1. Amide H to amide H under 5 Å from Ile42: which residues, 5+ apart in sequence or cross-chain, H placed 1.01 Å off N in plane?
2. Measuring from centroid to centroid over Cα atoms, what is the spacing of region 94-111 and region 157-171 in Å?
3. Under the Karplus relation 6.51 cos²θ - 1.76 cosθ + 1.60, θ = phi - 60°, what is the ordered set of whole-Hz ³J(HN,Hα) values for region 30-36, x standing for Gly and Pro?
4. At a 10 Å Cβ-Cβ cut-off, how would you order Thr182, Thr48, fewest neighbours first?
5. Run the quick spin-label model on Glu161 and Lys40: label points 7 Å from Cα toward the beta carbon, then report their separation in nm to one decimal.
6. Could you pull out every residue, at least 5 positions away or on a different chain, whose amide H is within less than 5 Å of the one on Thr48? Hs are placed 1.01 Å off N in the peptide plane, and Pro or chain starts have none.
7. What shape does region 62-107 have by the C-alpha gyration tensor, where a ≥ b ≥ c are the square roots of the eigenvalues, rounded means a/c under 1.5, and otherwise prolate means a/b greater than b/c and oblate the rest?
8. Subtract the Cα-Cα distance of Asn228 and Asn127 from 0.36 nm times their separation in residues, and report this length gain in nm to one decimal.
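Computed from the coordinates by the stated procedures, all read-outs in this text should not be read as laboratory data. Predicted model only: the values in this text are computed from it and were never measured. Virtual Cβ from ideal backbone geometry, glycine too; neighbours counted across all protein chains shown.
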Amino acid sequence: MSRRAFQRGAKSNISSLTSQVSHLKSQNMNRIKKLFQEKKNILSIYYTAGYPNLGDTIEIAEALQKSGADILEIGFPYSDPVADGPVIQASSKQSLDQGMTLKVLFEQLKDLRKHVTIPVLLMGYVNPVLQFGVENFCKACAEVGVDGCIVPDLPMAEYEEFYQGCFEEHNLSNVFLITPQTAEERIHKIDGLTNGFIYLLSSSATTGKNLEVGDTTEAYFSRIKAMNLKNPTMIGFGISDKQTFDKACSYANGAIIGTAFVKAIADGNLEENVSNFMKKFKD
């Protein structure tokens, strides 16, 4: 084979590979965006990886998709989960005691996209990510088909200065949180940095508290809605049943359920528990 023919063949292979990579990146980027374009009242479910049993992570993901979940938030446990209530703290401890780590989680998720097609995010604290290595973490997320991350204690300024490029290179949405105390200027800043959705905390309490929409909370939700942010919003903390879910959806694009679901799968038949829980939210 002549050098010119070899070069033509190499260019063709590179072009084909580049096209395939671009297609995969486009799929990853569009799963979240496409969902919010096509659906209202989006239901996102959080659960702790490796709970109730170490090997349950994918089985729960499959069962949730089958039962109608729109987004999965898979929590990677940490030994000091300061923003979590007792239920999720206990699930994290049990998961860690059974041997869950980020390395184990990514190994479990290696065939994720053979089992689920809906958007998947990883949620947890920044310390395990730093220990794993941010570049390694983002690369591993991209390799298994994770669409984004929620790292509540990652400072926005630090993300923007050091990690935004890495997240964007691997097509990961970084989901920021807003509380009732978040200033309007910061909310607009978050909106500008967001390429997925914004997590709207119903209160500044830990997870697991019941949602109570009094005058103050209603004013807060209405204020955010009136800002006409370019990104969709999801309300979390305190969503536990159809009533609180519907109430949250009247102010946002959907809602996130965590503690109530983690309680529901604590024991018994896993698939049956997931199915029974999800039936509460279906008309």
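1. Residues meeting the amide H criterion: Gly254, Ala255.
2. Each part reduced to its Cα centre gives a spacing of 24 Å.
3. Result, ordered by residue: 8, 4, 5, 4, 5, 4, 5 Hz.
4. Lowest count first: Thr182, Thr48.
5. 4.3
6. Gly75
7. Oblate, since a/c reaches 1.5 and b/c is not below a/b.
8. Residue separation times 0.36 nm, minus the Cα-Cα distance, leaves 33.0 nm.
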